[in-house]
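Nothing in this text is a laboratory measurement; each read-out follows from the coordinates by a stated rule. Every value quoted in this text rests on a predicted model; they were computed, and no experiment measured them. Here the Cβ is made from the backbone with ideal geometry for all residues, glycine too, and neighbour counts use every protein chain on show.
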Amino acid sequence: MPDSKPEQTDKNGPMKVVILNQYYAPDVASSGHLLFELAEEIARLGANTSVVTCRPSYGPPESWQPCPRKETKNGVKTLRMNVTRFSKDNLIGRLVNIVSFMIPLTLFHVLPKRKGKVFLYTTNPPFLGFVGGFCSYVFKHKYVVLLHDSYPEIGVWLGKLKKGGIIDRVWQWCNKIMYCRANQIIVLSEAAKELVVNNYGPDPKRVRVIPNWADPNDLTPKPKEESYFAKEHNLLEPFTVLYSGNLGLYYEFDMILEGARQLLGENFRLVITGAGGGKDNIAKKIKELELTNTILLGYTPQEEFNDALNCCDALIVTIAKGIDGISFPSKLYTCLSVGRPIIAFSTPKSELRPIIEQNGIGAWFDITDAEGFVEYVRKMIANPNEAKDAGIRARKLLETNYTVEKSGKAYFDVLELAHRE
C-alpha cells in the first residue's frame, strides 16, 4: 500500500464519509472495533471521516467503558449519542434502544447534514439502511450499505419470525428498496453476495465482496507460557482449545461439548469465553455432561484480549447450518492473528472450509463431527510441532490477505465510486 494519501476526489476537497453504526469502540461488539479501524484507515487514505454511534451498550454493563461524547482522533470525528441502554437480551429493551438511536440519528445527522457526503449504513441495527433507502426518494442521497448479518433471514432461521409472514414480507420489501437504491453494497462473502442479488435484485456489479480483518499489530502471537490468562486458569500444561466471542444462537457448540466429553481424563482443556443468547444452554450442558475439563467465562476485557487469545494451543471458529450468506464469523481473523491452528465447524459448502483446508492452517469439520474434532486434538497433542507450523501459516495468511490496509483500500475505492455518482 502506498504511504502517501491519494489525490483529493474533487475540487471541493476530500471525499466526506459518514459511518453510521449502533456500536463502536470501545464497545465490545466486534463490528464496533472493525469500524473503528476502518474509519481511521479511510481517514489516513484521505477521506474526511466522521462516525455517528452511541455510548457503549453491547455487552454487560461491566464492559461499558467511559468515553467522550465527542472526540476527534487520528482524523476521525466521532459523535456518541445518548440513547437508552436496556439489555439487548430483552426484545422490548432492544427495540427501545434501536428507536432511541435511529430517530435522532435520522432527524439530526442524516436529513440536515447530507450534502456532499457519502453515508455508510451498516446492519447494526439490522434495518438502519432503511433510512438511506427511503431518504433517497426525497432527495439526492449517496449511500453504501455494509451487510454484516442479513435480516430477516436470521430471524426466520432462528424461528423468531414466520417465513412469509407479514413482518418477513414487509422487511424484505424494505430491504429491496435499501439495496436497489444504494450506490454500492459491500458484503463479507460470495455467499452473501448471492443472497443479496437473488433475494433483492440489485445489479451484481454494485455488490462488492470485501472480507473483514484483524490488526496484526494489535493482536500478536506469544508463547502460551507467557500468557497470564493461561497461568491464572492452569492451562499451561494441558492442550487447550479456546472459543472466544459471541455465544449467539447461530453458532454451534453441541459437537464441541461432545468432543470435550470424549476427551475427559486426557491432557485437554476447553475454554469458552463470551456472552450471548446461547450461554445459559452451554452452561447447562457443561453441568449435565460433567465436563470437568471445560471452563465457561464471560467477556474478556479489551485490554486483556491479546493475552487471553494466547492462552491456548488451538482456536475454534464455528457457524451453524443454514447461516451461510446470512452471516460470516469475523472471529476467524482475530484467531489467525495470534498464530494458532484453527479448528473450524460449518457445513461442507461454507467458505470457511476452503480457507482452512487450502491454506493448511488447521482443520475443518462438519458441524456434527465431534469424533473428527477429538481425533484432531489427539493428533495435535501427539505432534506439537505440526500444530505450531499450522499456527505460523495462519499468522502469515492474516498478514497477506486480511489486514485493515488491504480491506480499507477496497472500502475507500467503493466509497469513492459512490461519491462520484
- line: The extension gain from R353 to D254, computed as 0.36 nm times the residue separation minus the Cα-Cα distance, is 33.7 nm
- prompt: What is the order of V207, V241, V138, fewest Cβ neighbours within 10 Å to most?
  reply: V138, V207, V241
statement: Two pseudo-spin positions, 7 Å from Cα along C-beta at E266 and at E371, lie apart in nanometres by 1.4 nm
task: Multiply the residue gap between E288 and V170 by 0.36 nm, knock off their C-alpha separation, and tell me the result in nm, one decimal place.
output: 38.3 nm
message: Placing unit charges on C-beta atoms (Lys and Arg positive, Asp and Glu negative, everything else neutral), compute the dipole magnitude of the range 224-401 about its Cα centre in debye, rounded to 20.
response: 160 debye
- prompt: Based on the inverse mean of 1/r over its pairs of different Cα atoms, what is the Kirkwood hydrodynamic radius of the range 263-358, in Å?
  reply: 15.0 Å
Cut-off 19 Å, label 7 Å out along Cα→Cβ of E237, residues of the range 254-282 by amide N: 263-271
message: Let's test this: bin the Cα-Cα distances of the range 85-221 at 10 Å from zero up to the farthest pair and state each bin's percent.
response: 11, 37, 35, 15, 2, 0
statement: Taking Cα atoms only, Rg over Rh for the range 228-292 with Rh from the Kirkwood formula is 0.96
- prompt: For D203 and F86, what does the FRET efficiency come to when R0 = 45 Å and r is the distance between their Cβ atoms, rounded to the nearest 0.05?
  reply: 0.70
- request: Could you sort out which of K222/K406; K142/K193; K73/K388; K142/K162 sit more than 31 Å apart by Cα distance in this structure?
  value: K73/K388; K142/K162
- request: Report the charge-dipole magnitude of the chain in Debye, nearest 20, computed about the Cα centre from +1 at each Lys and Arg Cβ and -1 at each Asp and Glu Cβ.
  value: 2060 debye
statement: the chain, Kirkwood Rh and Cα Rg, ratio Rg/Rh at 0.97
statement: When the charge dipole of the range 224-401 is computed with +1 on Lys and Arg Cβ and -1 on Asp and Glu Cβ about the Cα centre, the Cα farthest towards its positive end, among L297, A320, V377, belongs to A320
statement: dims of the range 14-134, Cα set, principal axes, largest to smallest, nearest Å -> 42, 31, 20
Nearby lysines by direct alpha-carbon distance to K287 (threshold 30 angstrom, same-chain neighbours under 8 apart not counted): K88, K160, K224, K231, K279, K321, K331, K379
- prompt: R0 = 22 Å: FRET efficiency of E225 with N383, Cβ-based, nearest 0.05?
  reply: 0.70
task: Beyond 19 Å, what share of the Cα-Cα pairs of the range 351-421 is found? Please give it as a whole percent.
output: 53 percent
- request: Could you work out the relative contact order of the chain, using alpha carbon pairs under 8 angstrom and six or more residues apart, expressed as a whole percent?
  value: 15 percent
Inter-label distance, nm, simple model (7 Å from Cα along the C-beta direction), E190/N281: 3.1 nm
- line: Correct semi-axes for the range 224-401, from √(5λ) of the alpha-carbon gyration tensor and rounded to whole Å with the largest first, are 21, 20, 17
- request: Let me know the volume per residue of the alpha-carbon convex hull for the range 13-68, in Å³.
  value: 69 Å³
- request: Please find the FRET efficiency linking E304 to L158, where r is the Cβ-Cβ separation and R0 is fixed at 22 Å, and quote it to the nearest 0.05.
  value: 0.10
- line: Quick note, the range 89-140: a/c under 1.5 would make it rounded; otherwise a/b > b/c is prolate and the rest oblate (a ≥ b ≥ c, C-alpha gyration tensor); here it is prolate
